[in-house]
Each structure stands twice: as structure tokens, then as C-alpha cells.
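Okay, structure first, notes after.
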Amino acid sequence: MAKTRTKNKLPIFAFMVLLFGGFVLAQQADLTAQKIDGVAAIVGDRVVLLSDVNQSLAMAVFQQKLDPRRDGLKIQKLKDDIINTIVNRKVVLAMAELDSVEVDDKEVDRTLQQQVDNIVQQAGGEEAAEAALGQPLRVFKREYWYDVQDMLITQKYQQTLISKINISRSEVEGFYYQYRDSIPRFPTTAKIRHLLIDIEPNEDQVLKTKNLLMDIRGKILSGEKTFEEMALKYSQDPSAKQGAGSLGFVKRGNLVTAFESVAFNLSPGEISEPVKTEFGYHIIETEEVRGDKINVRHILITPPITEKDESIAYKKASALKDSSKTLSHFIGLVKKYSTDEDSKKSGGNLGWINPDTYPIPEFGLILNQIKTGECAGPVRTDLGYHLVWLETLKPGGVADLKKHWTEIESMALNRKQAEWFDLWINKSKKNLFVSINN
């Protein structure tokens, strides 16, 4: 990859806003029309351009919905904060280079690609992303490679510095007594495990689905019907309506394993026989291959679930619940029977969750019905039938030093690290030439 630093582009501050806060803002800022119009600050041999500051400011003003006619003072303070943030980042980078901190080029490539993938996903495809960015993705990646490298070096060095900061018990207690009135209430959290039983369609419905897909495949291959026509008529995937079954260019590793293993082994124009995934059954066509990416489309049909299928899954889950007498026994059953492959090996461990905000709301409701060390369920969700084991419950409420020691200790340590880092920044500035133009 050829990498060159370019001057007339979005600074790393705005770049990260662009990546994480919505690439559409690029259109608001008119990135390609910016011109260098002065120097906002100098840090060692690094220059902070006023045009870069103004671009970041425009994004921040847009996001915070500020009105220049009404919020002049707020906008000026925001501009000062942006300049100071960029200056501080360049101070850290300069000191990191003095200490010979480096990151591997492959890590930079990987991080940049992840962010580009995020942009493409948010945009709805590579073409839409390039339109929003105003340039080809390969140019975008080349221009921002060094910015991402600088960001990773800064993060690595900062983490190395603050990791040396520890906190004593007396400091945690002092933090608590000083700030307890402003510490927000803690939510109740629960450490849980679960066992999932899929609701499998019966063999008759599976056979009907496979036969239908084979019939569809035959009509496409014979030329009687087009792939687009059949996807629009039969596919139960949302992509059918958006793009006649097309998923666009997809990178290896971004599809479910069963689908991907077939799709990446198809020759361009070849259509697979029915492939089973957790979503149902697919026929897949790979239209084009570009390195580790494929342009792929599919038709998905999910066999219908009958009342009998529901009953079989429920009875199986109920029988497993009756056998769940202890935590160790439950973990053993999860490893043997659970159909959740992501948590199966860990014994169904889902870690600490907030029952009120967990993505599966049914878990929050059922946890109110059991005590610590008990198994609840079966509970029906879109995924199937779950058994839920409540391993530990941590009460929420007003901050309490005994009940919430771990959380309060973390808050106190974060504050100490932030205060130490501010002092370190100010001290480091004395070892560098730093000039901010007012």
C-alpha cells in the first residue's frame, strides 16, 4: 500500500467524528472545497491548520444544534476546546516519538479497514460510501493511513502512562465521601447463564422448503426466470426488497460460517444447492470475486414452525430445567445441549447484565421470579426457548461504598488517571515549542 501524508484533508479529530458519529456529516462540511487559511497552533514541528479546526467546529456545531446568532459564546468556547484537544493530542504524539513508541503497520491497516467497513455498512454499500466521502475508498484509505497510525500511537502511549497509576483504599474512600452526592444511582445488575433450545421445523416442512428452492434454482439456471424475479417473489430476507437478494460486496469473515464457506467456494455465476444456516435455507450466487471480497446474492426461505415444533422444543427445555439442580450441573447441560454456539463453550456465561436494558427484555422479566442460585424458564424469545440461571445479583440504588466498591473504585481511578494525565500534558508542553494563535 502506498501511503502519503496529505495536507488538505480532515484532521484526525474530525476523522474520528466522521467514522463514529456518522459519515453523512462529510457532506455538510464540503470536504473537498477547504483551503488552508492560517495556522491555529504549532506543536514542535507539527502545525494545526485553522481550516482543520473550522471543519471540526462545523461538525460539532451541527451535532450540538448550535445557532451562531444565538450561541456565539458557546461556539467560541467549543472552538477553543477543539484547538486544545488537537494540541494535546499532538503533544502526546511528540512525546511518544521521543520515547520511540511504534505500532505495527498491519495493526494500522486492520484498524483503518474496520473503520472503512463501518462507513460502508452505514452507507449501505461501497458506492454510497464513496459518494458521501466524495472520493474513492482507496484514496480515502491512503490519505488517512498516517492519521490512524498517529491515533494508535497516541492511544498506546497514553495507556502505557496511565496504567502505572494505582489507587489506594483511602483514596477511594476519600473520592466517595467527596463526590457521593453527585454519583449517579447504580442499576441492579445480574450475572447470568443461559441454555438455548432452538425451535426446529419438522422434516416435512424442511423438505418442502428445499424442494421449492431447488425448483427456483432450476428455473433460474434454465433461463425461464431471473434471479432478481425469484428473489423478489420468494426470498424472506429484507435484501430481497432492497436489492433483489443482493448483499453487495462482502468481506470474508462478515457472513455466518455456513453461508460463507459455500459462497466463497462458488465460481462466478454458479448457484448453490440449498444451504442451511441459523436463518433458514438459502440458494447462493457469487457474482464476482475481488481478493477476500465477493459480490453475492441469495434467496432465503425459512421453513414454517408448527405448534408441534414449538411443543417439542418447550418439552425438551422443561426436561433440562428439571435436571438443573446445581450450577455445575447446569453448566454441563449447556455445554451438551445449548444451541447458542457463542456461549456454549463458556457454559452459557453472559456475564453481568442490566436486566432493564438487556437486548432480550424477557430475561429482565423472568429474573424477577427467581432467587440467586435458581434456574428460570423455559422463556420464549425470537431465538427459541431459554433456561436462565441467576448466578449473582448485585443490588442497585444510591451509591454505597460496601455494595458498589468495584464501581466506585473504577470511577475514582479514572478520575485520578485523568487528573494525572492533565498534569503530565502541561509538564510535557514545557519541553516542546507550543504556540496557540488567538
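The values are calculated or read from the model by the stated rules, or taken from the named source; none is laboratory data. Given the structure is predicted, the values throughout are model-derived calculations rather than measurements. Cβ sites come from the backbone with ideal geometry, for glycine too, and all protein chains shown count toward neighbours.
Within this structure, LYS429 passes the test of being charged (D, E, K, R) and either surrounded by 12 or more Cβ atoms within 10 Å (Cβ to Cβ) or closer than 30 Å to ASP80 by Cα (or both). Filtering the range 310-331 to residues that are outside any loop (DSSP other than H, G, I, E, B), over 35 Å from the mean Cα position of the chain (by Cα) and of a type outside the set (Ser, Thr, Tyr) leaves ILE312, LYS315, ALA319, ASP322. Evaluation of ASP81 against the conditions (1) under 30 Å from LYS430 (Cα atoms); (2) among the charged types (D, E, K, R); (3) over 26 Å from the mean Cα position of the chain (by Cα); (4) surrounded by 14 or more Cβ atoms within 10 Å (Cβ to Cβ) shows that the sole unmet condition is (4).
Scanning the range 346-381 for residues being within 30 Å of the chain's Cα centre (by Cα), assigned to a loop (DSSP other than H, G, I, E, B), surrounded by 12 or more Cβ atoms within 10 Å (Cβ to Cβ) and free of Cβ contacts under 8 Å to residues at least 12 places away in the same chain gives a total of 2.
Residues that are touching a residue at least 40 places away in the same chain (Cβ under 8 Å), under 15 Å from ILE220 (Cβ atoms) and polar (S, T, N, Q) within the range 273-304 are absent altogether.
Just wondering, is there one or more residues in the range 157-167 that are of a type in the set (Lys, Arg) and assigned to a helix (DSSP H, G or I)? Looking through the range 157-167, none of the residues is of a type in the set (Lys, Arg) and assigned to a helix (DSSP H, G or I). Within the span defined as the range 143-152, one or more residues are modelled with pLDDT under 90 and either in contact with a His (Cβ under 6 Å, 6 or more places away or on another chain) or farther than 28 Å from ASP422 by Cα (or both). Which count do you get for residues in the range 229-282 that are of a type in the set (A, V, I, L, M, F, W, C) and either in a loop (DSSP other than H, G, I, E, B) or touching a Gly at 6+ places or on another chain (Cβ under 9 Å) (or both)? Total meeting the criteria: 10. Set side by side, the residues ILE216, ILE220 differ, and just one is more than 29 Å from THR306 (Cα to Cα), surrounded by 14 or more Cβ atoms within 10 Å (Cβ to Cβ) and over 24 Å from the mean Cα position of the chain (by Cα), which is ILE220.
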